[in-house]
Amino acid sequence: EFAVARGTSLELLRLDENGQVESICSTNVFGIVRDIIPFRVTGASIDHVVVASDSGSIAVLKFDPVNNVFEKMLQETYGKTGCRRITPGQ
C-alpha cells in the first residue's frame, strides 16, 4: 500500500493480484498538500503519514481499515497560511 497526494486530495492505493493499481481510500484535505512522508514508530506494526499543507500546518494520519478513513492523530501549526518562502519547509 502507498499514499499519493494529488493537489487537494490524499489517496491510499495498492496493487491487486493482476498488478493493477486500485484505490482503497480517497479523501479531500481542504487545502493544497505540500508534502507527505510515511513513517513507522519504532516497535510498532502500523505506518503513519505526515502531511504538510499550504495552510501552514502538519498532520500525522493513520489509516483505519474498519471505517476506511484516515484518522488524524496530531495536527500542529508551524507557519502562516499560504505558500510562502519565509515559512520553514516550503
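The values are calculated or read from the model by the stated rules, or taken from the named source; none is laboratory data. No experiment lies behind these values; they were computed from the predicted model shown. Neighbour counts are summed over all protein chains in view; Cβ atoms, including those assigned to glycine, are modelled from backbone coordinates with ideal geometry. To get the accessible areas, we keep the full protein, side chains included, count just its heavy atoms, and leave off ligands, DNA and RNA. Shrake-Rupley method; radii C 1.70, N 1.55, O 1.52, S 1.80 Å.
Annotation: of all residues in region 35-60 being farther than 15 Å from residue 78 by Cα and among the charged types (D, E, K, R), the one that is least open to solvent (accessible area, probe 1.4 Å) is 47.
Selection over region 11-34 of residues that are open to solvent by 80 Å² or more (accessible area, probe 1.4 Å), touching a Ser or Thr at 6+ places or on another chain (Cβ under 9 Å) and not in a loop (DSSP other than H, G, I, E, B) gives a count of 3.
Selection of region 35-53 for residues being in a strand (DSSP E or B) and over 21 Å from residue 64 (Cβ atoms) yields 35, 52.
The number of residues in region 6-31 that are in contact (Cβ under 8 Å) with a residue 40 or more places away in the chain and farther than 16 Å from residue 75 by Cβ comes to 3.
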